[in-house]
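Down below is the structure, laid out as structure tokens.
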């Protein structure tokens with residue numbers, strides 16, 4: 001017995017283009033100042049403008065995550081430079097210098 005499956009255009013694009021394999025089913029579009037509310041749309045109905053606005057918001061989130069990761073990495077490195085071990089409290093391991101930042 002053979003079972004037929006229907007391949008959607010989205011499925012075909014995901015298979016055909018490696019870079020589109022992780023294309024989301026839905027896109028979150030942030031609100032536009034006073035012009036529209038936030039929206040969630042299926043990928044099949046998003047416009048290029050919707051994608052542009054969604055990308056701006058995702059890039060802001062990505063930048064915030066990167067800054068947080070860098071701050072944690074810096075704290076980790078500073079603590080290790082001061083001789084801290086893995087079980088030590090990171091903030092306790094890094095002295096605050098009087099007179100401002102280095």
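The values are calculated or read from the model by the stated rules, or taken from the named source; none is laboratory data. Just so we're clear, the structure is a prediction, and the values are computed from it rather than from any experiment. All Cβ positions, glycine included, derive from the backbone under ideal geometry; neighbour counts span all protein chains shown.
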Sole residue being in a loop (DSSP other than H, G, I, E, B) and either surrounded by 10 or more Cβ atoms within 10 Å (Cβ to Cβ) or on the phi > 0 side of the Ramachandran plot (or both), chosen from 72, 23, 55:
23
Is there a residue being more than 20 Å from the chain's Cα centre (by Cα), in a helix (DSSP H, G or I), touching a residue at least 12 places away in the same chain (Cβ under 8 Å) and within 30 Å of residue 8 (Cα to Cα) anywhere in region 34-50?
yes
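Going by what's in this entry, would residue 26 be described as in contact with a strand residue (DSSP E or B) (Cβ under 6 Å, 6 or more places away or on another chain) and either at pLDDT 95 or above or under 30 Å from residue 94 (Cβ atoms) (or both)?
Answer is yes for this residue.
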Condition check: at pLDDT below 95, out of contact with any helix residue (DSSP H, G or I) (no Cβ under 8 Å at 6 or more places or on another chain) and loosely packed, with under 10 Cβ neighbours inside 10 Å. Does residue 2 satisfy that?
yes
